1. Taking the Cα centre of each part, how many Å lie between segment 15-53 and segment 124-197?
2. Which pairs break 27 Å Cα to Cα here: Lys178/Lys230; Lys114/Lys147; Lys92/Lys178; Lys106/Lys151; Lys162/Lys220; Lys103/Lys174?
3. Hey, which lysines would be in cross-link range of Lys34, C-alpha to C-alpha under 24 Å, not counting anything within fewer than 8 residues on its own chain?
4. Which one, (i) 18.4; (ii) 17.7; (iii) 25.9, gives Kirkwood radius over Cα pairs in Å as derived from the coordinates shown?
5. To the nearest 20 debye, what charge dipole does the chain have about its Cα centre, counting +1 at the Cβ of each Lys and Arg and -1 at the Cβ of each Asp and Glu?
6. Would you calculate, for the chain, the mean residue ellipticity at 222 nm contributed by helices, counting each DSSP H stretch of 4 or more residues as -39,500 (n - 2.57) and dividing by all residues, to the nearest 500?
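Quick note: the coordinates plus some simple rules give every number you see, no bench work behind them. Keep in mind the model is a prediction, meaning the values are calculated, not measured. When we count neighbours, we look across all protein chains shown, and the Cβ atoms used for this are built from the backbone with ideal geometry, even at glycine.
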Amino acid sequence: MPILTQQQRDERAAAKAAKALARAAKVAAKQAEKEVKALAKAQAKAEKETEKRKKQFQKTRNVLDNALCREIRYYQKESDKAIFKFPGSEQKVAWTECKRCSKCGKSKSLMVFKRNDCGGGNIIRGDGRRNRRPDCRVCYDRDMQGKNKAKACAKRIDISYKAPEGTVCRLCSKSGTKSNPLVFDHHHDLDVFRGYCCNRCNIGMGALGDNVTSIAKVLKYMNETEGLSKEQLMAMLFN
C-alpha cells in the first residue's frame with residue numbers, strides 16, 4: 001500500500017470535509033424548503049379560514065339585516081294598527097310579559113313564542129301587538145321533529161306524505177279542505193303509519209294523549225253518561 005505524503009493526506013481530508021459540508025448544506029436546504037412549504041400551507045389555510053369566517057359573518061349579517069328590515073316593514077305597513085313603531089320597542093316590553101302555551105299549558109315569557117306570519121294582513125293583531133304563535137318554541141320544535149319523523153316514515157315505507165286524491169279522514173270520514181287539510185298520521189313512539197286524518201281530528205287525538213290507554217279513559221268517562229253496553233262498545237271498536 002503506497003505511503004501518502006502529508007499533502008495528499010491533507011487533500012483527502014479536505015475533500016472529505018467538503019463532501020460532508022455539501023451533504024449538510026443539502027439537508028439544511030431540504031429542511032428549509034420543507035419549512036417554507038409548511039409555512040406557506042399554514043398561511044394559505046389561515047387565509048382560507050379567514051375568508052370563510054368573513055363570508056359566514058356577511059351571510060349572518062345579511063340574514064339579520066333582512067329579518068330586521070322585514071320586521072320594520074311589518075310595523076310600517078300596518079302603522080295605523082301597531083301601537084309600537086319599531087320591533088325593539090315591543091320586545092323590550094314583551095320580555096316582562098307571559099303567555100300560556102296552547103300545547104303544554106305552561107305560562108312562559110312572551111319572547112319564547114315565535115312570531116307568526118300567517119297571512120299578509122295578520123302580522124299586527126287587532127290590539128296593535130305583533131302576532132305570535134299560540135305554542136311555545138319547545139312545543140313548536142318538538143312538533144317539527146315529529147313532522148320530520150313522519151316524512152322519514154313515509155319515505156321508508158314508500159307511502160305518500162300527502163294524502164292521495166279522494167282520501168277522506170279515517171275518523172270523521174270527511175274530505176280535506178284548505179282550512180282543515182288531511183295530514184299524515186303516525187304513531188310517535190312506534191314510528192309507524194296509521195292513516196290520513198284531518199287536521200282537527202289529528203289535533204284532537206293529540207290533546208287526548210294520542211294512545212289507546214288515554215282514549216279508553218275518555219271513552220269510559222263518556223260512557224258513564226251514555227251507558228252503552230259492552231257489546232255495543234265492542235261492536236264500535238271491532239266492526
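1. Going from one Cα centre to the other spans 61 Å.
2. Among Lys178/Lys230; Lys114/Lys147; Lys92/Lys178; Lys106/Lys151; Lys162/Lys220; Lys103/Lys174, the Cα-Cα distance tops 27 Å for Lys178/Lys230; Lys92/Lys178; Lys106/Lys151; Lys162/Lys220.
3. Lys19, Lys26, Lys45, Lys48
4. (iii)
5. With Lys and Arg at +1 and Asp and Glu at -1, about 1200 debye.
6. When only DSSP H runs of four or more count, the value is -19500 deg cm²/dmol.
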